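Peer 1: Got a structure for you, questions after.
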Amino acid sequence: MDAFRYGLQILWDSGRRKVLVQSSLREAVELLEREQVPVADNPSLALISQKCRELIQAYWVCQLSLVNEQANLCANWLATHQHEDKDTLIFFAPPQEMRHLYQSDHAQERAASRVP
């Protein structure tokens, strides 16, 4: 959940005002769609999810979407390839190792937008 909060904060701070957040983590998406998490269940999780909801509800278009892993190959690749020498990486272009995945994701997105 902290990765959601951190990513949303980076997007907000960078001036992005129209964002689609896709995740294959059903529990995380459902948690963020709830009004609130009971603090007694998990105080840390309740605080982080509340901060995420505040960011999602800020003055921007921020849509949350549940997708299967195959629908977003780039995100899956990034989640499974750690960069041990960096705390935070921001890519302005896909890393060479995942360009074929980016092209596949982009092709799937174009095909889905043509379906009536």
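Peer 1: If each of Val39 and Glu27 carries a label point 7 Å out from its Cα toward its Cβ, how far apart are those two points in nm?
Peer 2: Between Val39 and Glu27, the simple spin-label model gives 2.3 nm.
Peer 1: Against the longest principal axis of the chain, how steep is helix 43-56, in degrees 0 to 90 to the nearest 10, with axes from Cα atoms?
Peer 2: Result, in degrees: 60.
Peer 1: With angles folded into 0 to 90 degrees, how steeply does helix 2-13 sit against the dominant principal axis of the chain? Use alpha carbons for both and round to 10.
Peer 2: 80
Peer 1: Can you sort Phe92, Phe4 by solvent-accessible area, 1.4 Å probe, largest first?
Peer 2: Phe92, Phe4
Peer 1: Just the accessible area per residue of the chain, please: how many Å² with a 1.4 Å probe?
Peer 2: Per-residue accessible area for the chain comes out at 75 Å².
Peer 1: Here's something else I'd like to know. When the accessible area of the chain is computed with all protein chains present and a 1.4 Å probe, what percentage of it is carbon and sulfur?
Peer 2: Heavy-atom surface of the chain belonging to carbon and sulfur, 1.4 Å probe: 51 percent.
Peer 1: Follow-up question, since we're still on this one. Name the residue, out of Val21, Val29, Val39, whose mean-square fluctuation peaks in a Gaussian network model built on the chain with Cα pairs under 10 Å.
Peer 2: It is Val39.
Peer 1: Calculate how steeply helix 99-114 sits against the longest principal axis of the alpha-carbon atoms of the chain, using the helix alpha-carbon long axis, and give the answer as 0 to 90 degrees to the nearest 10.
Peer 2: Value to nearest ten degrees: 80.
Peer 1: What range in the chain is the longest one free of GluC sites (Glu not before Pro) that are in a loop by DSSP and have at most 15 other Cβ atoms within 10 angstrom?
Peer 2: Answer from the scan: 36-83.
Peer 1: Once Lys and Arg get +1 and Asp and Glu get -1 on their Cβ, which of Gln108, Ile48, Ala75 lies farthest toward the positive end of the dipole of the chain?
Peer 2: Value computed over the given set: Gln108.
Peer 1: With all protein chains present, calculate the accessible area of Leu47 using a 1.4 Å probe and round the result to the nearest 10 Å².
Peer 2: The value for Leu47 is about 100 Å².
The values are calculated or read from the model by the stated rules, or taken from the named source; none is laboratory data. Predicted model, so just to flag it, every value in this text is computed and none were measured. As a convention, Cβ positions derive from the backbone with ideal geometry for all residues, glycine included, and neighbour counts pool all protein chains shown. Remember, those area values only see protein heavy atoms, side chains included, never the ligands or the DNA or RNA. Shrake-Rupley method; radii C 1.70, N 1.55, O 1.52, S 1.80 Å.
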